[in-house]
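**Q** The structure's right below; bear with me while I get my questions together.
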Amino acid sequence: MTDSDDHPSPPPLAGVIGQPIAHSRSPALHHHWLDTYGLPGAYIPMQVADKDLEEVLRALPKAGFVGVNITIPHKVKALEIADLVTDRATIIGAANTLIFRRDGKIHADNTDGYGFVANLRHAAPDWNPAAGPAAVLGAGGAARAIISSLLEVGVPQILLSNRTRPKAEALRTEFGSRIDVVDWVQAGNMLEDAATVVNTTSLGMTGSPALRVPLDGLQKGALVTDLVYSPLRTTLLEEAAARGCRTVDGLGMLIHQAVPAFERWFGVRPEVTEATRAAVLK
Ligand code: NAP
C-alpha cells in the first residue's frame, strides 16, 4: 500500500498518554497482541502535561498515529477535546480510547465499563447480574464506568458507599433511583444483601492503605471483584475466597478494555488468554 506521495505506508502507531506513564502495562499488552498476530505496528507510552494535551492530540495523526489510550489525569479533558463522542463515553463522562479518523476528527470512546463486564463474563461465565443487588465501594472516576455498566447489564439495585458521601450522592442523582447510598462507616452492612461486590477504591493497592471495610457480611456464592490489580490477589479477594465467594481479579478488566481499541487500530480482534495475562504481568 502507498500513501498519496507514493511512499510505502508506515506501520500504524498507537500509544497511551498519561502523567505519569512509566508504570503503564498497556505497551506490554498491545505488543503481545501485535507479536501474537504478526501485525506491523507499535504502541508507545507518552508522558504529556495537561496544558499540552490538545496540541499533542492534534499532531499525533500527522505522525502516523491511528489512536491512543488516555489515562490519569487526562480522561475528562480528552473527552472535551474530542470532536465525536460515543454514548457510553458521554454517560461515563470520560474517555479512555481515542480513534484518529481519516477526516482529521478525534473520536472518543470509553471501554472501561465494557472491559469490566467482559472480564466478569470471561472469568465467571455463570455470573448472573440480575441475581441480586451489587455493592460498590468507591465513587471516583472508575466507579462511573462500573455503575453505568452494571445498570446496563440488569443489576436490580446498586448499594453505593464512599468515604466522601456527597460524591456517592452525586452519582445517585446522575444515575438514578436504582442506586442507594450507604454511609462509609456502614459499608460492611451492604455486603449482606449483595450478589455482586466491587471494590473501585484504590484501597488495598500496593502503596495505598488497606481496605478496612468489615467483610463478615459477604454471602457465600457472591461474586467479588477488585479493580485493584497490584497486588493481583488483594486482601479483599483472598478473604472473599476464604468465605466461599467467587473472585475475579482486576487485571482482566485492564486487558478486556483494550480489546475494542486494538481491533479498531490494528484490524484484528484479539483473544484474551493465559498468555495475554502472563505478558502483562511480566
Ligand atoms: P479516583 O478517581 O482517584 O478514586 C479513588 C477512590 O478511592 C475514591 O472513591 C476515593 O474516595 C477512594 N479512596 C482513596 N483513598 C481512600 C481512603 N484512604 N479511604 C477511603 N476511600 C479512599 O481513582 P479511580 O480512577 O476511580 O481508580 C480507583 C482504583 O481503580 C485505582 O486503584 C485504579 O488503579 C483502579 N482501576 C483499575 C482499572 C482496571 O482496569 N483494573 C481501571 C480503572 C481504575 P474519596 O472520594 O472519599 O476520595
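What follows is calculated from the coordinates using simple rules that are stated; it is not laboratory data. Since this is a predicted model, take the numbers as computed values, not measurements. Note: ideal-geometry Cβ built from the backbone for every residue, glycine included; neighbour counts use all protein chains shown.
**Q** So what's the back-of-envelope 222 nm ellipticity for the chain, counting only DSSP H runs of four-plus at -39500 (n - 2.57) apiece and dividing by all residues, rounded to 500?
**A** Details: 11 runs with 96 residues, N = 282.
Helix-only estimate at 222 nm: -9500 deg cm²/dmol.
**Q** Per-residue HN-Hα couplings for region 236-244, Karplus 6.51 cos²θ - 1.76 cosθ + 1.60 at θ = phi - 60°, whole Hz, x for Gly and Pro?
**A** 4, 5, 5, 5, 5, 5, 5, 8, x
**Q** When the chain is fully extended, how far beyond the present Cα-Cα distance does residue 102 get from residue 263, taking 0.36 nm per residue of separation?
**A** Numbers: separation 161, 0.36 × 161 = 57.96 nm, distance 1.65 nm.
Difference between extended and current length: 56.3 nm.
**Q** Also, I was wondering about something else. Can you work out the Karplus-derived ³J(HN,Hα) for every residue in region 208-213? Use 6.51 cos²θ - 1.76 cosθ + 1.60 with θ = phi - 60°, whole Hz, and x for glycine or proline.
**A** The phi angles translate into 10, x, 6, 7, 9, 5 Hz.
**Q** Compute a Gaussian network model of the chain, connecting alpha carbons closer than 10 Å, and tell me which residue from 95, 123, 168 fluctuates the most.
**A** It is 123.
**Q** In addition: Can you give me the distance in nm between label points at residue 90 and residue 210, each placed 7 Å from the Cα along the Cα-to-Cβ direction?
**A** Label-label distance for residue 90 and residue 210, simple model: 4.5 nm.
**Q** Now for a separate question. If you build a Gaussian network model of the chain, linking Cα atoms that sit under 10 Å apart, which residue out of 139, 131, 59 swings the most?
**A** Result: 59 has the largest fluctuation of those listed.
**Q** Taking θ as phi - 60°, what are the ³J(HN,Hα) couplings along region 122-133 by the Karplus curve (6.51, -1.76, 1.60), each to the nearest whole Hz, with x for Gly and Pro?
**A** Couplings: 6, 7, 9, x, 8, 4, 10, x, 7, 5, x, x Hz.
**Q** Follow-up question, since we're still on this one. Anyone know which of 83, 103, 216 comes out most mobile in the 10 Å Cα GNM of the chain?
**A** 103
**Q** Given points 7 Å out from each Cα along the Cα-Cβ axis, report the residue 242 to residue 124 separation in nanometres with one decimal.
**A** Rounded to a tenth, the inter-label distance reads 1.9 nm.
**Q** How much net charge surrounds residue 181 when only the other residues with a Cβ under 13 Å from the Cβ of residue 181 are counted, with Lys and Arg +1 and Asp and Glu -1?
**A** That sum, taken over residues with Cβ under 13 Å, equals +1.
**Q** By count of other Cβ within 10 Å, fewest leading, how are 85, 259, 185 ordered?
**A** On the way: 85 17, 259 20, 185 10.
Lowest to highest Cβ neighbour count: 185, 85, 259.
**Q** How many angstrom lie between the C-alpha centres of region 157-212 and region 20-48?
**A** With region 157-212 and region 20-48 each reduced to a Cα centre, they are spaced 33 Å.
**Q** A further question follows. Under a cut-off of 13 Å between alpha-carbon atoms, report the aspartates and glutamates in cross-link reach of residue 75, not counting same-chain residues fewer than 8 places apart.
**A** 50, 54, 109, 112
**Q** Return the lysines within reach of residue 62: Cα separation strictly under 17 angstrom, same-chain partners fewer than 8 residues apart disregarded; answer none if there are no such residues.
**A** Output for residue 62: 105.
**Q** Now for a separate question. Quick one: 205, 190, 253, fewest Cβ neighbours within 10 Å first, how do they rank? Write out the running numbers ahead of the final one.
**A** Working: 205 19, 190 24, 253 28.
Fewest to most other Cβ atoms nearby, the residues stand as 205, 190, 253.
**Q** So who's got an amide H within less than 5 Å of the one on residue 85, skipping anything under 5 residues away but keeping other chains? H placed 1.01 Å off N, in plane.
**A** 108
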